[in-house]
Amino acid sequence: MKAMRFSRNHAAQTGRKCAMLDDPKSQTRFYLRKAFYECLAQDAPLTITRLCDQAGVGRRTFYRHYDGLDGVFADCLEQLLTRYQDAVSPLQTYDLEQIATEFFSFWKQQKKELLLLRRYDAQKLHYGLLSGGIRLVQARSNHRFALFSTYSAGGFLALLNEWIEEDMRTPVDQLVSRLVSEARSASFNAFASS
(Lines give C-alpha, C1' and ligand atoms only; values in the text may rest on other atoms or scores of the structure.)
Protein backbone atom coordinates (compact mmCIF):
# COMPACT_ATOMS: atom_id res chain seq x y z
CA MET A 1 0.00 0.00 0.00
CA LYS A 2 1.26 3.44 -0.87
CA ALA A 3 1.70 5.80 2.07
CA MET A 4 -0.76 8.67 2.13
CA ARG A 5 0.58 12.20 1.95
CA PHE A 6 -1.22 14.65 4.17
CA SER A 7 -1.88 18.10 2.79
CA ARG A 8 -3.39 21.19 4.31
CA ASN A 9 -6.66 20.47 2.53
CA HIS A 10 -6.68 16.75 3.41
CA ALA A 11 -9.29 17.30 6.12
CA ALA A 12 -11.54 19.09 3.64
CA GLN A 13 -11.03 16.36 1.03
CA THR A 14 -11.81 13.47 3.39
CA GLY A 15 -14.16 15.08 5.88
CA ARG A 16 -11.68 14.24 8.66
CA LYS A 17 -10.64 16.94 11.09
CA CYS A 18 -7.27 17.26 12.76
CA ALA A 19 -6.35 20.02 15.17
CA MET A 20 -2.71 20.11 14.07
CA LEU A 21 -2.84 20.27 10.26
CA ASP A 22 0.52 22.03 10.10
CA ASP A 23 2.38 19.25 11.92
CA PRO A 24 2.58 16.09 9.75
CA LYS A 25 3.88 13.93 12.61
CA SER A 26 1.00 14.88 14.91
CA GLN A 27 -1.44 14.49 12.05
CA THR A 28 -0.23 10.98 11.21
CA ARG A 29 -0.41 9.95 14.86
CA PHE A 30 -3.92 11.44 15.04
CA TYR A 31 -5.07 9.32 12.09
CA LEU A 32 -3.42 6.19 13.50
CA ARG A 33 -5.14 6.69 16.88
CA LYS A 34 -8.46 7.33 15.15
CA ALA A 35 -8.01 4.20 13.02
CA PHE A 36 -7.07 2.22 16.15
CA TYR A 37 -10.44 3.06 17.72
CA GLU A 38 -12.26 2.37 14.44
CA CYS A 39 -10.61 -1.05 14.12
CA LEU A 40 -11.41 -1.91 17.74
CA ALA A 41 -15.06 -1.07 17.08
CA GLN A 42 -15.15 -3.81 14.45
CA ASP A 43 -15.22 -7.50 15.28
CA ALA A 44 -12.22 -8.46 13.12
CA PRO A 45 -8.79 -9.10 14.68
CA LEU A 46 -6.65 -5.98 15.01
CA THR A 47 -3.44 -6.13 13.01
CA ILE A 48 -0.94 -3.48 11.99
CA THR A 49 -1.85 -4.04 8.33
CA ARG A 50 -5.54 -3.51 9.05
CA LEU A 51 -4.78 -0.43 11.15
CA CYS A 52 -2.58 1.06 8.42
CA ASP A 53 -5.27 0.41 5.80
CA GLN A 54 -7.88 2.08 8.01
CA ALA A 55 -5.61 5.10 8.65
CA GLY A 56 -4.51 5.38 5.03
CA VAL A 57 -0.80 5.08 5.82
CA GLY A 58 1.86 2.54 4.94
CA ARG A 59 3.50 0.15 7.38
CA ARG A 60 6.80 2.03 7.14
CA THR A 61 5.00 5.20 8.20
CA PHE A 62 3.40 3.30 11.08
CA TYR A 63 6.78 2.07 12.31
CA ARG A 64 8.23 5.59 12.15
CA HIS A 65 5.73 6.50 14.86
CA TYR A 66 5.16 3.33 16.90
CA ASP A 67 6.93 0.07 17.73
CA GLY A 68 3.68 -1.86 17.60
CA LEU A 69 0.00 -1.84 18.51
CA ASP A 70 0.79 -1.42 22.21
CA GLY A 71 2.41 1.91 21.37
CA VAL A 72 -0.79 3.15 19.71
CA PHE A 73 -2.78 1.93 22.72
CA ALA A 74 -0.46 3.80 25.10
CA ASP A 75 -0.72 6.96 22.96
CA CYS A 76 -4.55 6.74 22.95
CA LEU A 77 -4.58 6.40 26.74
CA GLU A 78 -2.10 9.26 27.16
CA GLN A 79 -4.36 11.46 25.01
CA LEU A 80 -7.32 10.69 27.29
CA LEU A 81 -5.27 11.46 30.41
CA THR A 82 -4.06 14.72 28.86
CA ARG A 83 -7.66 15.69 28.09
CA TYR A 84 -8.53 15.01 31.73
CA GLN A 85 -5.61 17.14 32.92
CA ASP A 86 -6.69 19.98 30.63
CA ALA A 87 -10.32 19.72 31.79
CA VAL A 88 -9.73 20.13 35.53
CA SER A 89 -8.21 22.93 37.55
CA PRO A 90 -5.89 22.66 40.58
CA LEU A 91 -7.62 21.82 43.84
CA GLN A 92 -7.89 24.57 46.40
CA THR A 93 -9.85 22.46 48.89
CA TYR A 94 -10.67 18.80 49.12
CA ASP A 95 -14.40 18.46 48.43
CA LEU A 96 -15.16 14.79 47.83
CA GLU A 97 -18.48 15.37 46.09
CA GLN A 98 -17.06 18.03 43.74
CA ILE A 99 -14.01 15.93 42.89
CA ALA A 100 -16.06 12.77 42.32
CA THR A 101 -18.58 14.61 40.14
CA GLU A 102 -15.84 16.22 38.01
CA PHE A 103 -13.91 12.95 37.77
CA PHE A 104 -16.75 10.60 36.82
CA SER A 105 -18.51 13.16 34.59
CA PHE A 106 -15.34 13.60 32.58
CA TRP A 107 -14.76 9.86 32.17
CA LYS A 108 -18.41 9.26 31.27
CA GLN A 109 -17.83 11.51 28.25
CA GLN A 110 -14.92 9.22 27.26
CA LYS A 111 -17.01 6.05 27.59
CA LYS A 112 -16.73 4.95 23.97
CA GLU A 113 -12.94 5.26 23.94
CA LEU A 114 -12.51 3.59 27.34
CA LEU A 115 -14.65 0.60 26.40
CA LEU A 116 -12.77 0.19 23.12
CA LEU A 117 -9.41 0.37 24.90
CA ARG A 118 -10.70 -2.25 27.36
CA ARG A 119 -11.51 -4.45 24.36
CA TYR A 120 -7.86 -4.21 23.30
CA ASP A 121 -6.40 -5.07 26.74
CA ALA A 122 -8.27 -4.57 30.03
CA GLN A 123 -5.19 -5.10 32.20
CA LYS A 124 -3.13 -2.52 30.30
CA LEU A 125 -6.03 -0.09 30.53
CA HIS A 126 -6.37 -0.56 34.29
CA TYR A 127 -2.64 -0.23 34.89
CA GLY A 128 -2.32 2.74 32.53
CA LEU A 129 -5.20 4.58 34.17
CA LEU A 130 -3.80 3.94 37.62
CA SER A 131 -0.20 4.96 36.92
CA GLY A 132 -1.07 7.85 34.60
CA GLY A 133 -3.94 9.02 36.77
CA ILE A 134 -1.85 9.17 39.92
CA ARG A 135 0.81 11.16 38.03
CA LEU A 136 -1.86 13.67 36.95
CA VAL A 137 -3.35 13.93 40.43
CA GLN A 138 0.05 14.65 41.90
CA ALA A 139 0.49 17.46 39.39
CA ARG A 140 -3.02 18.81 40.10
CA SER A 141 -2.99 18.72 43.88
CA ASN A 142 -2.19 21.54 46.22
CA HIS A 143 0.97 20.73 48.21
CA ARG A 144 -1.17 20.87 51.33
CA PHE A 145 -3.16 17.87 50.07
CA ALA A 146 -0.46 16.07 48.04
CA LEU A 147 -0.27 12.86 50.08
CA PHE A 148 -4.01 12.59 50.64
CA SER A 149 -4.71 13.37 46.97
CA THR A 150 -2.42 10.56 45.83
CA TYR A 151 -4.04 8.21 48.35
CA SER A 152 -7.57 9.08 47.23
CA ALA A 153 -6.59 8.98 43.52
CA GLY A 154 -5.88 5.28 43.91
CA GLY A 155 -9.43 4.81 45.19
CA PHE A 156 -11.01 6.93 42.45
CA LEU A 157 -9.07 5.09 39.76
CA ALA A 158 -9.98 1.69 41.22
CA LEU A 159 -13.64 2.78 41.16
CA LEU A 160 -13.22 3.95 37.57
CA ASN A 161 -11.84 0.54 36.63
CA GLU A 162 -14.79 -1.21 38.31
CA TRP A 163 -17.17 1.17 36.54
CA ILE A 164 -15.55 0.38 33.19
CA GLU A 165 -15.91 -3.34 33.91
CA GLU A 166 -19.66 -2.87 34.32
CA ASP A 167 -19.73 -0.95 31.00
CA MET A 168 -20.23 2.33 32.90
CA ARG A 169 -23.95 1.64 33.30
CA THR A 170 -24.37 3.27 36.72
CA PRO A 171 -25.32 6.96 36.28
CA VAL A 172 -22.70 9.44 37.51
CA ASP A 173 -25.03 11.03 40.08
CA GLN A 174 -25.81 7.63 41.63
CA LEU A 175 -22.15 6.66 41.71
CA VAL A 176 -21.15 9.96 43.35
CA SER A 177 -24.03 9.87 45.83
CA ARG A 178 -23.15 6.34 46.92
CA LEU A 179 -19.45 7.19 47.21
CA VAL A 180 -20.08 10.29 49.31
CA SER A 181 -22.61 8.47 51.50
CA GLU A 182 -20.26 5.53 52.14
CA ALA A 183 -17.31 7.87 52.80
CA ARG A 184 -19.32 9.84 55.36
CA SER A 185 -20.55 6.65 56.99
CA ALA A 186 -17.02 5.24 57.13
CA SER A 187 -15.66 8.50 58.58
CA PHE A 188 -18.40 8.60 61.22
CA ASN A 189 -17.86 4.94 62.15
CA ALA A 190 -14.10 5.46 62.44
CA PHE A 191 -14.65 8.54 64.63
CA ALA A 192 -17.27 6.77 66.79
CA SER A 193 -15.04 3.77 67.46
CA SER A 194 -12.11 5.96 68.61
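The values are calculated or read from the model by the stated rules, or taken from the named source; none is laboratory data. On a predicted model such as this, the values are computed, not experimentally measured, just so you know. Heads up, the Cβs are rebuilt from the backbone with ideal geometry, glycines too, and the neighbour counts pull from every protein chain shown. What goes into the accessible areas is simple: the full protein's heavy atoms, side chains included, and nothing from ligands, DNA or RNA. Shrake-Rupley method; radii C 1.70, N 1.55, O 1.52, S 1.80 Å.
A compact table of results
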{"read-out": "Residue list for segment 41-64, restricted to those being aromatic (F, W, Y) and surrounded by 15 or more Cβ atoms within 10 Å (Cβ to Cβ)", "value": "F62"}
{"read-out": "Residue list for segment 117-127, filter: surrounded by fewer than 18 Cβ atoms within 10 Å (Cβ to Cβ) and hydrophobic (A, V, I, L, M, F, W, C)", "value": "A122"}
{"read-out": "Within segment 65-91, considering residues that are assigned to a helix (DSSP H, G or I) and without any contact (Cβ under 8 Å) to a residue 24 or more places away in the chain, the one most open to solvent (accessible area, probe 1.4 Å)", "value": "D86"}
{"read-out": "Filter result (assigned to a loop (DSSP other than H, G, I, E, B) and either among the β-branched types (V, I, T) or touching a Phe, Trp or Tyr at 6+ places or on another chain (Cβ under 6 Å) (or both)) within segment 92-141", "value": "T93, Y94"}
{"read-out": "Residue within segment 17-40 that is in a loop (DSSP other than H, G, I, E, B), at pLDDT below 50 and either open to solvent by less than 60 Å² (accessible area, probe 1.4 Å) or under 18 Å from G58 (Cβ atoms) (or both) present", "value": "yes"}
{"read-out": "Single residue of segment 169-194 satisfying the filter (modelled with pLDDT of 90 or more and open to solvent by 90 Å² or more (accessible area, probe 1.4 Å)) that is farthest from D95 (Cα to Cα)", "value": "R169"}
